[in-house]
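See below for the structure under consideration.
The values are calculated or read from the model by the stated rules, or taken from the named source; none is laboratory data. If you're wondering where the values come from, they're calculated on a predicted model, not measured in any experiment. Here the Cβ positions follow ideal geometry from the backbone for every residue, glycine too, while neighbour counts run over all protein chains shown. Calculation scope for accessible area: heavy atoms of the full protein, side chains included, ligands and nucleic acids excluded. Shrake-Rupley method; radii C 1.70, N 1.55, O 1.52, S 1.80 Å.
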Amino acid sequence: MIKVRNINKYFYVPERIQALNDVSCDVAAGEVVVVIGPSGSGKSTFLRCLNRLEYADSGEITIDGLNVLDPAVDINKIRAEAGMVFQSFNLFPHKTVLENLVMAPMTVRKQGRKECEERGMELLRKVGIEVKWNVYPEQLSGGQQQRVAIARALCMNPKVMLFDEPTSALDPEMVGEVLDVMKDLARSGMTMVVVTHEMGFAREVADRVVFMDAGTILEVGTPEHFFTNPENDRTKLFLSQIL
Ligand code: ADP
Ligand code: MG
């Protein structure tokens, strides 16, 4: 479903930083890949390259055959296929919950309002927040806002879902409700790439764990591999610091 070959990404700030260094990774349909690694290791840049929020400088990325790095491919098409959920929920503050959900499918997918609203309500039910369909984001808790953000991404019927530390900005008591929604989504067969420090989630849900450091993928394995006998010294150090 996702094919990444030898991507490189540089930032000039003003001196050159190589945020991604020859990163390759495949994700099969229905697979859940959890990406872990220290701050600044390139996890967000990797995710952002997948849906062209950042443009990789070289290499190859395809999502279900769609060539992400082809400038002729419409950015909206890519964003529709790869839904993204951020640490900060990024809901539109002056739109109600349901309006937040229907905007993109109506404008990008050119679907009718009624159809979008029905699908939107179904998704709000799925993330357990149907009763809040007509309120504004500020009237919701962080956990509720993040569940709306997930429903909003799903409204586009994406092929893959990308999560960048979706629970890092939440109060501890709200982390569980968001992880539960993500677990349901994983069980439903969604292809997911998840950057998170929630090792319980990784252990329970990930098919594979990817460890990044300094812009490279240093180690890839099953959760069992990572949590019982990681090979790389830097992986061991990282895990000892967060577990
Ligand atoms: P992580 O998500 O693992 O913390 P990032 O992908 O955010 O890491 O960052 C990787 C590297 O790229 C860091 O050195 C960071 O400072 C740099 N970087 C990320 N985004 C930008 C940007 N927009 N401009 C300049 N440098 C950036
Ligand atoms: Mg990050």
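Here are the numbers:
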read-out: Residue list for region 10-50, filter: away from ligand 2 (no atom under 16 Å from the Cβ), in contact with a Lys or Arg (Cβ under 9 Å, 6 or more places away or on another chain) and farther than 24 Å from Pro71 by Cβ; value: Ala29, Glu31, Val32
read-out: Verdict on Asp171 being open to solvent by 40 Å² or more (accessible area, probe 1.4 Å), away from ligand 1 (no atom under 16 Å from the Cβ), under 17 Å from the mean Cα position of the chain (by Cα) and among the charged types (D, E, K, R); value: no
read-out: Condition check for Met121: in contact with a Gly (Cβ under 9 Å, 6 or more places away or on another chain), modelled with pLDDT of 95 or more and either of a type in the set (Lys, Arg) or open to solvent by 20 Å² or more (accessible area, probe 1.4 Å) (or both); value: no
read-out: Leading residue by the ranking (farthest from Ile242 (Cα to Cα)) among those in region 32-55 that are more than 10 Å from ligand 1 (Cβ to nearest atom) and either in contact with an Asp or Glu (Cβ under 6 Å, 6 or more places away or on another chain) or assigned to a helix (DSSP H, G or I) (or both); value: Leu50
read-out: Enumerated strands (runs of 3 or more DSSP E) restricted to region 150-243, each holding at least 3 residues that are closer than 15 Å to Ser41 by Cα; value: 208-213, 216-221
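For every residue, the table says whether it meets (1) closer than 18 Å to Arg152 by Cβ; (2) open to solvent by 20 Å² or more (accessible area, probe 1.4 Å).
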{"position": "Ala19", "(1), (2)": "no, no"}
{"position": "Gly30", "(1), (2)": "no, yes"}
{"position": "Gly37", "(1), (2)": "no, no"}
{"position": "Asn51", "(1), (2)": "yes, no"}
{"position": "Gly59", "(1), (2)": "no, yes"}
{"position": "Val102", "(1), (2)": "yes, no"}
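Here is a yes/no grid of residues against (1) among the hydroxyl-bearing types (Ser, Thr, Tyr); (2) in contact (Cβ under 8 Å) with a residue 40 or more places away in the chain:
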| position | (1), (2) |
| --- | --- |
| Val178 | no, no |
| Val181 | no, yes |
| Ser188 | yes, no |
| Thr191 | yes, yes |
| Val194 | no, yes |
| Ala206 | no, yes |
| Glu219 | no, no |
| Glu224 | no, no |
| Asn229 | no, no |
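Every residue, every condition in (1) within 17 Å of Val193 (Cα to Cα); (2) in contact with a Gly (Cβ under 7 Å, 6 or more places away or on another chain); (3) among the aromatic types (Phe, Trp, Tyr), yes or no:
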{"residue": "Lys3", "(1), (2), (3)": "yes, no, no"}
{"residue": "Lys9", "(1), (2), (3)": "no, no, no"}
{"residue": "Val13", "(1), (2), (3)": "no, no, no"}
{"residue": "Val23", "(1), (2), (3)": "yes, no, no"}
{"residue": "Val27", "(1), (2), (3)": "yes, no, no"}
{"residue": "Glu31", "(1), (2), (3)": "yes, no, no"}
{"residue": "Ile36", "(1), (2), (3)": "yes, no, no"}
{"residue": "Lys43", "(1), (2), (3)": "yes, yes, no"}
{"residue": "Arg52", "(1), (2), (3)": "yes, no, no"}
